[in-house]
Amino acid sequence: IAIALLDDQQRVVLDNHEYKQLTDDLGVTDPAKQVLAELRNTIGLAFEPPKLGGRNFVDEEICVHPISGKAARWFSCSGSWFEQQDAKADSFFDPQARAYLMLLIKDITAAKRQREMERIGAIRATMAEAELVQSLRETLSGAVYQLRGPLNMIRAAANMLDRRGTQIDTAMLKNALKEALTAGEAALGTFEASMPEAPQEATAPVNLNDILRDVLMLLTERLLAAGITVAWQPTSRLSHFHGRANMLRSMFKEIVENAIEAMNERGRNVRELKVRTEEKDGRIVAVIEDTGPGISQELRHKVYEPFFTTKRPLSHSVGMGLAIAQDVATRHEGTIDIDPDYTGGCRFIIGFPPSGS
Ligand SMILES: Nc1ncnc2c1ncn2[C@@H]1O[C@H](COP(=O)(O)OP(=O)(O)O)[C@@H](O)[C@H]1O
Ligand SMILES: [Mg+2]
């Protein structure tokens, strides 16, 4: 913390080493002047030697632009006024109090920059999420609209069958169903044509340890925020296999995110994520284990269905995580299983054949 004692003429009468350092850093001879000018702008500080105690201030944040054109610096400033009676003899008959300002200047540039980065990061994340949700909404509402036509035709045909007593006109019925079929197929064709291409990624030798390490790094903040301890146990020798690293990363990200969400339930106090790798019977295996509520036997197959979710409708969950994970596993000739014997939560076992098999 830089400290300067100013007299009522804004002259520095006393300072410390940090204050002198500031002089060099800002490239000015008198940083206090610049700081006071900023304080005047931001909090309307008037540099008036007070009659009796001026306005003190605490932790006021200001931004100073060094003249040298270097990056802006942030300071947190505090100041307190005090008076000193002039003890000189000639002031005996005309007692004069001199006011001094003790100015404390703390450099908070690094902390400020960090906060700003976090804020931008958060904005970027919410924006990406909002965009994703928006485009999903558009796609799905397009799909809903397209399917309504054929469904209406089928309903009309069913109504026709329902009307008892009347002669059933099979020709008409056949016609209606055929039309519904044509419209349905056209709708499917539209969806298929509008399905975006998956980004092409070349296969390369990948190491499952690296993939999992990346994913844990990506999710570090979320894991910390949820108070989850992570036991990461990569096996020291693990063969490579041919795969698409980005795809594999998103697969494991979905699985670990599910684990976080499962353990994030209120009231769960044991929160441990175990991630390990092994090579077993010639297969490269990852085991991901959490201490959440687990997945009941009845749901163990259903959870892989697209759009299946048990999470709140307002959460960002759309139930595609495990569907994606399953798809990635299949594309790598891998398997993904939920261990039925594990009762402490949920244990996913993901296995890949070694390359060349
Ligand atoms: N680790 C887990 N623990 C408990 N339940 C899980 C776990 N992973 C997945 N599930 C269940 O599987 C469902 C589907 O998961 P997912 O396909 O990722 O969709 P989402 O996460 O969007 O709900 C989840 O809603 C949840 O009920
Ligand atoms: Mg999920």
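The values are calculated or read from the model by the stated rules, or taken from the named source; none is laboratory data. The structure presented is a predicted model; accordingly, all values stated were derived computationally and were not measured. Note that we place each Cβ from the backbone using ideal geometry, even for glycine, and neighbour counts take in every protein chain shown. Please note that ligands, DNA and RNA were not included when accessible areas were found on the heavy atoms of the full protein model with its side chains. Shrake-Rupley method; radii C 1.70, N 1.55, O 1.52, S 1.80 Å.
Okay, here's what the table says:
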{"item": "Relative contact order (%) - the stretch 204-352, alpha-carbon pairs under 8 angstrom, separation at least six", "result": "24 percent"}
{"item": "Helical contribution to [θ] at 222 nm, DSSP H n ≥ 4, -39,500 (n - 2.57), averaged over the chain, rounded to 500", "result": "-14000 deg cm²/dmol"}
{"item": "Mean separation of Cα contacts under 8 Å (6+ apart) over length of the chain, as relative contact order %", "result": "10 percent"}
{"item": "Nearest 10 degrees, 0 to 90: helix 17-26 Cα axis against the chain principal axis", "result": "60 degrees"}
{"item": "Sites Phe57 and Leu224 - FRET efficiency at Förster radius 30 Å, r taken between beta-carbons, to 0.05", "result": "0.30"}
{"item": "Per residue, in Å², the accessible surface of the stretch 124-194 once ligands and nucleic acids are set aside, probe 1.4 Å", "result": "82 Å²"}
{"item": "Ala37 paired with Gln200, simple spin-label distance in nm, labels 7 Å along Cα-to-beta-carbon", "result": "5.9 nm"}
{"item": "Unit charges on C-beta of K, R, D, E only; dipole of the chain, Debye", "result": "900 debye"}
{"item": "Options Ala193, Ala171, Ile154, ranked by Cα towards positive dipole end of the stretch 124-194, top entry (Cβ charges)", "result": "Ala171"}
{"item": "Spread of Cα-to-Cα distances over 20 Å intervals beginning at zero, given as percent, for the chain", "result": "20, 30, 27, 16, 6, 1, 0"}
{"item": "Spherically averaged projected area in nm², based on the convex hull that wraps the Cα atoms of the stretch 124-194", "result": "5.8 nm²"}
{"item": "Positive-end extreme of charge dipole, the chain - chosen from Phe307, Asn258, Met247 (charges on Cβ)", "result": "Phe307"}
{"item": "Surface share of carbon and sulfur [accessible, 1.4 angstrom probe, percent] for the chain", "result": "55 percent"}
{"item": "Longest exposed-site-free window of the chain, the sites being trypsin sites (Lys or Arg not before Pro) in a DSSP loop that have at most 10 other C-beta atoms within 10 Å", "result": "267-357"}
{"item": "Tilt relative to the chain, helix 208-218 - C-alpha long axis, 0 to 90 degrees, to 10", "result": "50 degrees"}
{"item": "Difference of contour (0.36 nm per residue) and Cα-Cα distance, Thr139 to Thr309", "result": "59.3 nm"}
{"item": "By accessible area with a 1.4 Å probe, ligands and nucleic acids excluded, highest first: order of Met320, Met263", "result": "Met320, Met263"}
